[in-house]
Amino acid sequence: MVQTLRDEKSSLWRDQRAVALLLAASLTTMANATISPALAGLQTLFADHPHSELLIPLLVSAPSLTVVLFAPLAGFLTDRLGRRWMLLAGVLLFVVSGTAGSFLTDLDMIFGSRLVLGIAVAMVMTSQTALVGDYFTGDKRVALTGLQVSARNFGGFLFISLAGWLAVFSPKLPFAIYGLAALFLPIMWIAIHEPIKSRNIAGHSIPAANGGTSNWMLLIALLTLLQMSTNMLFFIMPTQLPFFLDMLGYESAVMTGVTLGALTLSGGFVALTYGRIKRALGFRATYAVAYGLMAIGFASVSQGQELIFLIAGAVAIGAGFALAMPGFVAIALQLAPQNHRGIVGGALTTAIFLGQFLSPLITTPSISALGYESTFFAAALILAVLAAAAAINQGFNRYRQIRKTG
């Protein structure tokens with residue numbers, strides 16, 4: 001079994017389509033946080049702008065807003081007009097809008113370019129999710145969804161580290177990092193072809209050799225709700241941890257980098273093993289382990305007076321999140337008919353970014369009322385309940401299987 005999985009991973013790395021989709025996945029992490037190290041410098045650069053104190057922090061989250069708004073439409077267009085052109089156009093728009101901040105001299109225009117960047121991210125994420133479902137099946141699809149999470153984590157670590165170095169020279173240089181996506185375009189142009197089943201003939205979509213389940217829309221709605229909640233809880237770390245560390249008296253900039261770096265790297269390495277873990281445990285038990293790790297992580301972070309608890313908690317949260325995320329894509333692609341995978345990709349994309357957007361809006365009042373430690377511990381309790389629910393579901397499923405075979 002292990003050798004089979006290794007062979008599948010090896011074949012994925014030799015498949016140009018898989019490599020192109022992994023490159024596309026790495027871009028989504030670049031969208032928001034890449035310019036974070038430049039914010040202080042941008043605040044100084046645009047100090048004369050009357051709304052700089054509001055607009056500059058929003059430069060990080062602005063793409064999330066347009067992703068949430070545009071992803072459903074991007075999914076619809078992906079299904080109607082084709083996956084390939086949507087991916088290529090999205091990457092091209094990503095390069096243009098992402099790098100715009102490096103040469104634009106007006107803060108309002110830079111903010112506008114960040115909103116356009118969100119449209120590009122929605123186009124890339126919805127089309128690449130649909131293509132994963134079109135190109136791959138079974139264990140290969142599961143392995144690739146894990147590799148995509150790993151690509152996002154390692155790509156995020158690389159891009160943010162590079163941005164921190166460039167920001168030392170100029171706060172506008174980190175925007176140039178988005179230009180790296182231009183190097184991916186030739187690979188995607190060669191490797192990505194429109195799947196036969198999603199092509200239009202005489203203006204009509206080929207009807208469904210669809211697969212999927214009869215009640216797929218309800219199941220996808222429940223799945224995206226769970227994904228949104230998972231992202232909302234996870235995003236407590238990048239949005240609230242710096243302020244928690246500052247309150248504890250740590251050098252917040254340094255410790256935030258160390259802690260989030262540990263979180264990102266642990267997630268990247270664990271995601272590499274996702275296919276093996278899912279094959280051994282199944283989806284339900286994998287989710288039980290994932291939410292259990294995140295619960296332990298947040299409980300540990302809530303005891304953050306000791307540095308070891310902070311680092312260990314971040315590692316557990318990153319590992320748990322990396323085990324949870326691939327399953328959403330893999331399960332959704334199993335549930336949905338083939339000719340609706342673009343819409344499903346749009347729903348999943350909306351869920352991710354809506355969770356990120358809502359996280360600080362929900363947790364900040366909680367922190368004001370209860371404090372950081374209690375809010376982190378409340379997150380741990382919610383995740384523990386999700387872990388228990390997944391474990392109980394796994395137990396019932398195993399019991400039904402035994403009864404059926406017995």
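Data overview
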quantity: Selection count, region 299-318, where residues are surrounded by fewer than 17 Cβ atoms within 10 Å (Cβ to Cβ) and of a type in the set (A, V, I, L, M, F, W, C); calculated: 3
quantity: Matching residues, region 27-69, being hydrophobic (A, V, I, L, M, F, W, C), within 20 Å of the chain's Cα centre (by Cα) and in a helix (DSSP H, G or I); calculated: Leu27, Met30, Ala31, Ala33, Leu58, Leu59, Val60, Ala62, Leu65, Val67, Val68, Leu69
quantity: Failed condition for Gly75, given (1) over 26 Å from Leu358 (Cβ atoms); (2) crowded, with 19+ Cβ neighbours inside 10 Å; calculated: (1)
quantity: Criterion violated by Gly138 - all others in (1) buried (at least 18 other Cβ atoms within 10 Å of the Cβ); (2) at positive phi satisfied; calculated: (1)
quantity: Test result for Ser170, at pLDDT below 85 and among the polar types (S, T, N, Q); calculated: no
quantity: Unique residue being outside any helix (DSSP H, G or I), touching a Gly at 6+ places or on another chain (Cβ under 8 Å) and either on the phi < 0 side of the Ramachandran plot or in the same structural domain as Leu225 (by TED's automatic domain parsing) (or both) when the list is Gly304, Gly297, Gly318, Gly342; calculated: Gly304
quantity: Only listed residue being closer than 22 Å to Leu59 by Cα, out of contact with any Lys or Arg (no Cβ under 8 Å at 6 or more places or on another chain) and part of a loop (DSSP other than H, G, I, E, B), chosen from Phe169, Phe157; calculated: Phe169
quantity: Subset of region 131-146 (residues that are within 15 Å of Ala191 (Cβ to Cβ) and within 17 Å of the chain's Cα centre (by Cα)); calculated: Leu131, Val132, Leu144
quantity: Complete set of residues in region 97-130 that are hydrophobic (A, V, I, L, M, F, W, C), closer than 24 Å to His49 by Cα and assigned to a helix (DSSP H, G or I); calculated: Ala100, Leu107, Met109, Ile110, Phe111, Leu115, Val116, Leu117
quantity: Test for Tyr399: is it more than 27 Å from Asn153 (Cβ to Cβ) and in the same structural domain as Ala290 (by TED's automatic domain parsing); calculated: yes
quantity: Subset of region 352-375 [of a type outside the set (S, T, N, Q), free of Cβ contacts under 8 Å to residues at least 12 places away in the same chain and more than 14 Å from Ser61 (Cβ to Cβ)]; calculated: Pro365, Ala369, Leu370, Gly371
quantity: Matching option when the condition is hydrophobic (A, V, I, L, M, F, W, C), buried (at least 17 other Cβ atoms within 10 Å of the Cβ) and within 21 Å of Thr126 (Cα to Cα), among Ala324, Ala390, Ala379; calculated: Ala324
quantity: Residue, nearest to Tyr178 (Cα to Cα), within region 100-130, restricted to residues that are more than 19 Å from the chain's Cα centre (by Cα) and among the β-branched types (Val, Ile, Thr); calculated: Ile110
quantity: Unique residue being of a type in the set (A, V, I, L, M), part of a helix (DSSP H, G or I), in contact (Cβ under 8 Å) with a residue 24 or more places away in the chain and in contact with a helix residue (DSSP H, G or I) (Cβ under 9 Å, 6 or more places away or on another chain) when the list is Ala312, Ala288; calculated: Ala288
quantity: Flag if Ser113 is farther than 13 Å from Gly346 by Cβ and modelled with pLDDT under 85; calculated: no
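Conditions (1) within 21 Å of the chain's Cα centre (by Cα); (2) free of Cβ contacts under 8 Å to residues at least 60 places away in the same chain; (3) not assigned by TED's automatic domain parsing to the domain that holds Phe235, marked per residue:
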{"position": "Tyr250", "(1), (2), (3)": "no, yes, no"}
{"position": "Met255", "(1), (2), (3)": "no, yes, no"}
{"position": "Thr259", "(1), (2), (3)": "yes, yes, no"}
{"position": "Arg279", "(1), (2), (3)": "no, no, no"}
{"position": "Ile308", "(1), (2), (3)": "no, yes, no"}
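The rows are residues; the columns are (1) at pLDDT 90 or above; (2) touching a helix residue (DSSP H, G or I) at 6+ places or on another chain (Cβ under 7 Å).
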site: Phe235; (1), (2): no, yes
site: Pro242; (1), (2): no, yes
site: Met247; (1), (2): no, yes
site: Val254; (1), (2): no, no
site: Val258; (1), (2): no, no
site: Ala280; (1), (2): no, no
site: Ala299; (1), (2): yes, yes
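The values are calculated or read from the model by the stated rules, or taken from the named source; none is laboratory data. Everything numeric in this text was worked out from a predicted model, so none of it was measured. Positions of Cβ are generated from backbone atoms using ideal geometry, with glycine treated the same way; all protein chains shown enter the neighbour counts.
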